[in-house]
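Structure first, commentary second.
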Amino acid sequence: MQLLKIATLATGRKDPIWSISWCPTSAVLASAGSDCLVRLWAPQTGDCTQAIQRDDERPQEWRCLTTFGATLFPRTLRCVSFNPRLPFLACGSFDSYVYTLRLNSNCEEGSEPNLQEILTSPPKLQLTSTLEGHESEIKCVAFSSSGSLLASCSRDRTVWLWELGIDKDDFESLSILEGHTQDVKYVVWHPCKELLCSCSYDNTVRMWVEDEYDWYCCSVLSAHSSTVWAASFDKLGERLVTVSDDRSVIFWRQIPRRSDDIGRDPSWETFCVLKEQHERAIYTVDWSHQSGLVVTGGGDDALHIYQENPLGKTVTLDDTEEQLASSQDLGDDKVKISYHTEPFSIVATLLNAHEGDINCVKWNPQDGYIFASCGDDGLICIWRVTMEMS
């Protein structure tokens with residue numbers, strides 16, 4: 001496999017871009033960064049609600065649909081996230097506030113706004129709520145799969161949960177999750193249920209669920225030796241990948257419950273630990289729910305693509321590798337060798353993908369071979385993973 005850059009999106013400034021988020025139903029991309037602006041981007045030609053064509057290898061021209069926040073946000077925007085169900089964006093700022101923004105709608109009053117309908121006309125963003133509660137800069141925001149819950153985390157070591165109001169224009173505080181002993185760097189929701197994962201400067205990952213009374217920590221994952229910067233679930237939420245300042249990529253799986261485990265919280269175990277994957281800290285990771293590919297980026301300006309390996313493999317005698325499991329003499333000077341590799345391995349690498357730290361990577365939700373990255377160089381790059389032709 002190889003990586004092909006199909007577009008470069010420039011703000012015209014060198015300010016770092018910290019976060020990007022794809023619209024769940026189209027090729028529209030949101031960005032947020034040190035210039036205190038939220039931007040929406042889309043392909044220059046054609047209907048921006050159409051998926052990017054993966055078989056078209058020509059460079060694409062993209063346009064900025066709108067900018068928002070020129071006089072509103074006083075400090076750097078650290079994160080941005082689309083709501084998967086409603087025409088909302090949430091962003092978090094260094095000023096400790098979480099902001100929710102509504103995309104304008106031309107729908108009739110009383111009808112449910114549709115993202116595709118909104119984005120086919122010149123979009124506008126409107127501030128709907130300013131959520132107060134955190135005592136320090138916001139690190140990450142994330143919507144649950146239902147779109148009704150919003151999680152935010154902060155340097156103040158807490159995770160806050162917010163619930164969408166009845167009028168669908170405001171969020172109310174639902175719960176404050178405490179347990180991390182240092183900054184909380186990242187939050188991500190399970191793709192199928194209301195289970196929240198948080199990553200921290202305290203080197204741990206915590207899982208949070210709700211019982212009949214309140215939210216609580218149901219599991220603590222401890223395998224990294226330094227700050228855990230980000231995490232991502234697979235399509236079914238049965239596995240998780242985490243990345244860290246220790247330069248490792250760790251894959252986790254939920255341990256199946258036994259018949260006598262009824263009522264007990266699920267636990268997680270590592271099943272693939274890949275050490276020294278980048279030259280510097282790994283800041284971002286995303287697991288495609290379409291292709292199953294995993295992408296990482298970090299402080300060494302490089303991108304890595306990981307793919308799941310088959311359980312075993314057959315090679316000829318002169319193609320042997322380490323980690324041999326067994327061999328069988330087939331006669332005629334031929335040897336069949338079966339061996340097991342790591343469950344995941346790098347299948348594509350691009351050095352110097354950005355001129356500076358890579359802060360965020362996100363797969364397109366409609367096409368598992370296209371992703372976006374952003375970095376300290378003030379650029380957003382759109383990439384396609386292609387099969388190498390012999």
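Structure values in brief
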| quantity | calculated |
| --- | --- |
| Close pairs (7 angstrom Cβ cut-off, 6 or more residues apart or separate chains): among the aliphatic types (A, V, I, L, M) in region 282-300, buried (at least 24 other Cβ atoms within 10 Å of the Cβ) and assigned to a loop (DSSP other than H, G, I, E, B) anywhere | none |
| Evaluation of Ala90 against (1) more than 22 Å from Ser148 (Cα to Cα); (2) among the hydrophobic types (A, V, I, L, M, F, W, C); (3) modelled with pLDDT of 90 or more; (4) surrounded by 15 or more Cβ atoms within 10 Å (Cβ to Cβ) (one fails), failing number | (1) |
| Long-range neighbours under 9 Å by Cβ, at least six apart or interchain, first residue among the acidic types (Asp, Glu) within region 94-108, second at pLDDT 95 or above and outside any loop (DSSP other than H, G, I, E, B) | Asp95/Ile138 |
| Which listed residue, of Thr314, Thr284, is in a strand (DSSP E or B) and either at pLDDT below 95 or surrounded by fewer than 22 Cβ atoms within 10 Å (Cβ to Cβ) (or both) | Thr314 |
| In region 52-68, the residues that are over 12 Å from Leu9 (Cα atoms), of a type in the set (Asp, Glu) and either at pLDDT 70 or above or surrounded by 16 or more Cβ atoms within 10 Å (Cβ to Cβ) (or both) | none |
| Any hit, region 231-253, residues being surrounded by fewer than 14 Cβ atoms within 10 Å (Cβ to Cβ), touching a residue at least 24 places away in the same chain (Cβ under 8 Å) and not basic (Lys, Arg) | yes |
| Single residue of Glu342, Glu355 found to be over 22 Å from Cys79 (Cα atoms) and in contact (Cβ under 8 Å) with a residue 24 or more places away in the chain | Glu342 |
| Unmet requirement for Tyr216, which otherwise passes all of (1) in contact (Cβ under 8 Å) with a residue 40 or more places away in the chain; (2) surrounded by fewer than 19 Cβ atoms within 10 Å (Cβ to Cβ) | (1) |
| Enumerated strands (runs of 3 or more DSSP E) restricted to region 128-237, each holding at least 3 residues that are of a type outside the set (Lys, Arg), more than 30 Å from Leu293 (Cα to Cα) and touching a Gly at 6+ places or on another chain (Cβ under 8 Å) | 171-178 |
| Residues (in a loop (DSSP other than H, G, I, E, B) and at pLDDT 95 or above) located in region 248-275 | Ser248, Lys275 |
| Residue list for region 65-92, filter: outside any strand (DSSP E or B), under 15 Å from Cys36 (Cα atoms) and in contact with a Ser or Thr (Cβ under 7 Å, 6 or more places away or on another chain) | Phe73, Arg75, Thr76 |
| Residue check for His289: under 27 Å from Val188 (Cβ atoms), in a loop (DSSP other than H, G, I, E, B) and either at pLDDT 95 or above or among the acidic types (Asp, Glu) (or both) | yes |
| Cβ-Cβ under 7 Å pairs, at least 6 apart or on other chains, region 361-390 side at positive phi, far side surrounded by 23 or more Cβ atoms within 10 Å (Cβ to Cβ) | Gly378/Ile17 |
| Tally, over region 264-308, of residues that are among the charged types (D, E, K, R), under 19 Å from the mean Cα position of the chain (by Cα) and more than 19 Å from Asp377 (Cα to Cα) | 2 |
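The values are calculated or read from the model by the stated rules, or taken from the named source; none is laboratory data. Bear in mind that the values here come from a model prediction, so they are computed numbers and not experimental data. Here the Cβ is made from the backbone with ideal geometry for all residues, glycine too, and neighbour counts use every protein chain on show.
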